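To start, the structure itself, in structure tokens.
The values are calculated or read from the model by the stated rules, or taken from the named source; none is laboratory data. Please read all numbers here as calculations on a predicted model, not as lab measurements. Here the Cβ is made from the backbone with ideal geometry for all residues, glycine too, and neighbour counts use every protein chain on show.
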Amino acid sequence: MMTMAEQDTALTDVLVVGAGFAGLYMLHRLRGLGFSATVLEAGDGVGGTWYWNRYPGARCDSESYYYSYSFDEALQQEWEWTERYPEQPEILRYLNHVADRFGLRRDIRFDRRVTDAVFDHDADTWVLHTDGGERYAARFLVTAVGCLSSANIPRIPGLETFGGGWFHTGRWPHEGVDFSGLRVGVVGTGSTGIQAIPVIAEHAGHLTVFQRTANYSIPARNGPMEPGFQREVKQNYDAIRRKQRASTNGHPFDVSERPALSVPEEERRAVYAAAWLRGGLRFRAAFADLLTDKDANDTAAEFIRNKIRETVLDPVTAERLLPRDHPFATKRPPIDTDYFETYNREDVTLVDVRESPIVEATSTGLRTSSAEYPLDCLVFATGFDALTGPLLDIDIRGAGGRALRDVWADGPRTYLGLQVAGFPNLFTITGPGSPSVLTNMPTAIEQHVDWIAECLNHLRSRGLTRIETTDAAAEAWGAHVNSAAHRTLLPMAESSWYLGANVPGKPRVFMPYAGGLAAYARHCDEVAAAGYVGFALTPAL
Ligand code: NAP
């Protein structure tokens, strides 16, 4: 007699969790290969990150023409971007268009938050439950839950007594928040805070920014997408996409081959000035060694600090805004529109909470160790329990009922960021140990999805029903991820979410793979070509 799990397996080959960039493309690829697949999505619409992050000023830090799917030529030809950096509503429209264009919605179940996923060893099947009590089962489970989707909300004593409204930027109300005339507090000055602060300041009665770590930021220089540029992009998409895939970080721009200190100081400053004027993440590409040589990095960091000193009129505020505790770009560098200029407004106050930590929330505001700040509304731009958080939010149990939470108690261990030893038939798109968050995400996602799709095809064509990485492979990959990180300056940012340092109690492990997207993709291809080395493949029982 068939078990329940076996009956369900007959219905679905693959369950995908999440309907953002990753889940949508995974579904499309699986269908193209003739697999049956169902996507379970917590929200009531597609979009993932771009569904949840509706905070004021939410915008992408990669340029629109390449922060998009490359898998379908007609799609990239027909879609018209309106701005250099797309705003959240525009990206959400794009993803809704993709869902409609490829008829994806019929296999997506919305309003289903997956609470647990358990591997049934006898049936080679994953069994999932949702918060509504539904049960789903499939041979393979693919998580497309994003890297930055588990909100990090500071545990501030007394927050429950705060009389005003409080919001986390990653769970923003769909109807928006009216800040008119309100005394607003924003906690956090990462990419999100830096985008939101200038926009909130425009509307609030008074804005108080609670900063723990000063951050570097480069002007975005956003503007409308010029029709001529859009035409040129569309004529050259093949080359642009090739360049993205061949790059370290998924962006289609050239990185200078010159070390920063190989050019005279005046010329170096001119290079930075031109990069500052052009704006955007490309600033990092001004010299070859900004992420590998501290002395080189110091020149960029000091250039940016000087820009902050020039921009911010009050010298005390300017001094507080100068990033000094980490090299430039060792945390994901924000890009902004009028961020530092905002501190010249009479109605904006900067509070340094490293100097005077937040002690408690009261019914009327926030109290730090040195003062009380009356507030009507609090915004937490405090980021995410990155990479591991979205996976550990689900109670995932692999072979022998072992919980992923226990297996990762000392930090995540994966093979290629794609599989965890002891968790057969589970694939993690952009998981810890993959280049994911160090790259332009859609490019990284497409590479992962294509690899997983081809892998499932390989298994099916050979009558194999189980794939599981080995401890040895995960161990070796972990060591490689660690050594790749230490060939860069990235681990020097001690408060970085790359290291898990932003979440109290989280193990400090450098999570993303810093060896570059192209090298990573080559490695994945070699693994596949060699018959999936590092994985044990098992035929049907
Ligand atoms: P984040 O980079 O982790 O920044 C969170 C901020 O909140 C930091 O300034 C952090 O200070 C502060 N913070 C956290 N807990 C705090 C506490 N208990 N008390 C006081 N301050 C606290 O998060 P994010 O800004 O949301 O950005 C996360 C990532 O999302 C980015 O790095 C980027 O990859 C992505 N993102 C991209 C875009 C875009 O495409 N434009 C926009 C937004 C976000 P510390 O630094 O001291 O921890």
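Can you pull out the residues in the stretch 174-195 that are within 9 Å of the ligand (Cβ to nearest atom), farther than 15 Å from Glu372 by Cα and either basic (Lys, Arg) or in contact with a Phe, Trp or Tyr (Cβ under 7 Å, 6 or more places away or on another chain) (or both)? If the condition is that a residue be within 9 Å of the ligand (Cβ to nearest atom), farther than 15 Å from Glu372 by Cα and either basic (Lys, Arg) or in contact with a Phe, Trp or Tyr (Cβ under 7 Å, 6 or more places away or on another chain) (or both), then Gly188, Thr192, Ile194 are the ones that fit.
Looking across the stretch 434-478, the residues that are in a helix (DSSP H, G or I) and either of a type in the set (Ser, Thr, Tyr) or at positive phi (or both) come down to Ser436, Thr443, Ser461.
Could you tell me whether the stretch 135-152 includes any residue that is away from the ligand (no atom under 16 Å from the Cβ), surrounded by fewer than 16 Cβ atoms within 10 Å (Cβ to Cβ) and farther than 25 Å from Arg460 by Cβ? Among the residues of the stretch 135-152, not one is away from the ligand (no atom under 16 Å from the Cβ), surrounded by fewer than 16 Cβ atoms within 10 Å (Cβ to Cβ) and farther than 25 Å from Arg460 by Cβ, which makes the answer no. Scanning the stretch 214-241 for residues that are away from the ligand (no atom under 16 Å from the Cβ) and of a type in the set (Phe, Trp, Tyr) yields Phe229, Tyr237. In the stretch 343-359, the residues that are within 14 Å of Val184 (Cα to Cα) form Cβ pairs under 6 Å with partners that are of a type in the set (Lys, Arg), at six or more places apart or across chains, as follows: Leu350/Arg320.
Within the stretch 103-111, one or more residues are at pLDDT 95 or above, part of a helix (DSSP H, G or I) and within 30 Å of Ala403 (Cα to Cα).
From the list Ile452, Ile467, Ile429, Ile445, which one is more than 20 Å from the chain's Cα centre (by Cα) and hydrophobic (A, V, I, L, M, F, W, C)? Even if it seems obvious, please write down each step before you answer.
Details: Ile452 fails: more than 20 Å from the chain's Cα centre (by Cα); Ile429 fails: more than 20 Å from the chain's Cα centre (by Cα); Ile445 fails: more than 20 Å from the chain's Cα centre (by Cα).
Of the residues listed, the single one that is more than 20 Å from the chain's Cα centre (by Cα) and hydrophobic (A, V, I, L, M, F, W, C) is Ile467.
Apart from one condition, Gln211 fits all of (1) farther than 18 Å from Ser62 by Cβ; (2) of a type in the set (S, T, N, Q); (3) more than 14 Å from the ligand (Cβ to nearest atom); the exception is (3).
Would you call Ile91 modelled with pLDDT of 95 or more and touching a Phe, Trp or Tyr at 6+ places or on another chain (Cβ under 8 Å)?
yes
Counting residues in the stretch 480-493 that are free of Cβ contacts under 8 Å to residues at least 40 places away in the same chain, of a type in the set (Gly, Ala, Ser) and at positive phi gives zero.
Somewhere in the stretch 332-354, is a residue touching a His at 6+ places or on another chain (Cβ under 9 Å) and outside any loop (DSSP other than H, G, I, E, B)? For the stretch 332-354, residues touching a His at 6+ places or on another chain (Cβ under 9 Å) and outside any loop (DSSP other than H, G, I, E, B): present. In the stretch 1-29, the residues that are assigned to a strand (DSSP E or B) reach residues that are among the aromatic types (Phe, Trp, Tyr) and modelled with pLDDT of 95 or more with C-beta atoms within less than 8 angstrom, at least six apart or across chains, in these pairs: Val14/Phe35; Val14/Phe140; Leu15/Trp126; Leu15/Tyr136; Leu15/Phe140.
Sort out which residues of the stretch 42-62 are part of a loop (DSSP other than H, G, I, E, B), within 14 Å of Met441 (Cβ to Cβ) and within 11 Å of the ligand (Cβ to nearest atom), and write them in order of number. Talk me through it step by step, then tell me what you get.
In the first step, residues of the stretch 42-62 are kept if they are part of a loop (DSSP other than H, G, I, E, B); the result is 42-48, 53-58, 60-62.
Next, only the ones that are within 14 Å of Met441 (Cβ to Cβ) stay: 47-48, 53, 60-62.
Matches in the stretch 42-62: Asn53, Cys60, Asp61, Ser62.
Okay, residues lined up against (1) part of a helix (DSSP H, G or I); (2) of a type in the set (S, T, N, Q); (3) in contact with a strand residue (DSSP E or B) (Cβ under 9 Å, 6 or more places away or on another chain):
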{"position": "Leu92", "(1), (2), (3)": "yes, no, no"}
{"position": "Leu95", "(1), (2), (3)": "yes, no, no"}
{"position": "Val118", "(1), (2), (3)": "no, no, yes"}
{"position": "Ala137", "(1), (2), (3)": "no, no, yes"}
{"position": "Val142", "(1), (2), (3)": "no, no, yes"}
{"position": "Ser149", "(1), (2), (3)": "no, yes, yes"}
{"position": "Glu160", "(1), (2), (3)": "yes, no, yes"}
{"position": "Trp166", "(1), (2), (3)": "no, no, yes"}
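Among the criteria (1) of a type outside the set (D, E, K, R); (2) in a helix (DSSP H, G or I); (3) surrounded by fewer than 23 Cβ atoms within 10 Å (Cβ to Cβ); (4) within 13 Å of the ligand (Cβ to nearest atom), the one Leu75 does not fulfil is (4). Here Trp81 passes the criteria (1) within 16 Å of the ligand (Cβ to nearest atom); (2) touching a Gly at 6+ places or on another chain (Cβ under 6 Å); (3) not in a helix (DSSP H, G or I) except the one numbered (2). Which of the residues belonging to the stretch 103-130 are within 16 Å of Ala22 (Cα to Cα) and touching a Phe, Trp or Tyr at 6+ places or on another chain (Cβ under 9 Å)? If the condition is that a residue be within 16 Å of Ala22 (Cα to Cα) and touching a Phe, Trp or Tyr at 6+ places or on another chain (Cβ under 9 Å), then Arg109 is the only one that fits.
Which of the residues that make up the stretch 108-130 are touching a residue at least 40 places away in the same chain (Cβ under 8 Å) and farther than 22 Å from Ile467 by Cα? Outline the logic, then answer.
Taking the stretch 108-130 as the starting set, the residues that turn out to be touching a residue at least 40 places away in the same chain (Cβ under 8 Å) are 108-128, 130.
If the condition is that a residue be touching a residue at least 40 places away in the same chain (Cβ under 8 Å) and farther than 22 Å from Ile467 by Cα, then Ile108, Arg109, Phe110, Asp111, Arg112, Arg113, Val114, Thr115, Thr130 are the ones that fit.
Based on this model, can you work out whether Val316 counts as within 12 Å of the ligand (Cβ to nearest atom), outside any loop (DSSP other than H, G, I, E, B) and either at negative phi or under 26 Å from the mean Cα position of the chain (by Cα) (or both)? Lay out the reasoning, then the answer.
Numbers: within 12 Å of the ligand (Cβ to nearest atom): no; outside any loop (DSSP other than H, G, I, E, B): yes; either at negative phi or under 26 Å from the mean Cα position of the chain (by Cα) (or both): yes.
Spelling it out, it is not the case that Val316 is within 12 Å of the ligand (Cβ to nearest atom), outside any loop (DSSP other than H, G, I, E, B) and either at negative phi or under 26 Å from the mean Cα position of the chain (by Cα) (or both).
For the stretch 403-418, does any single residue satisfy the condition of being in a strand (DSSP E or B) and at pLDDT 95 or above? Give the steps one after another, and end with the answer.
Looking only at the stretch 403-418, we keep the residues that are in a strand (DSSP E or B), and these are 403, 415.
Those still in the list that are at pLDDT 95 or above too: 403, 415.
The answer is yes, given that some residue of the stretch 403-418 is in a strand (DSSP E or B) and at pLDDT 95 or above.
Would you confirm, using the coordinates I've provided, whether Pro491 is within 16 Å of the ligand (Cβ to nearest atom) and assigned to a helix (DSSP H, G or I)?
On the way: within 16 Å of the ligand (Cβ to nearest atom): yes; assigned to a helix (DSSP H, G or I): yes.
Here the answer is yes, as Pro491 does meet what is asked.
Of all residues in the stretch 355-383, those satisfying the criterion of being away from the ligand (no atom under 13 Å from the Cβ) and outside any strand (DSSP E or B) are Thr362, Ser363, Thr364, Ser370, Ala371, Leu375, Asp376.
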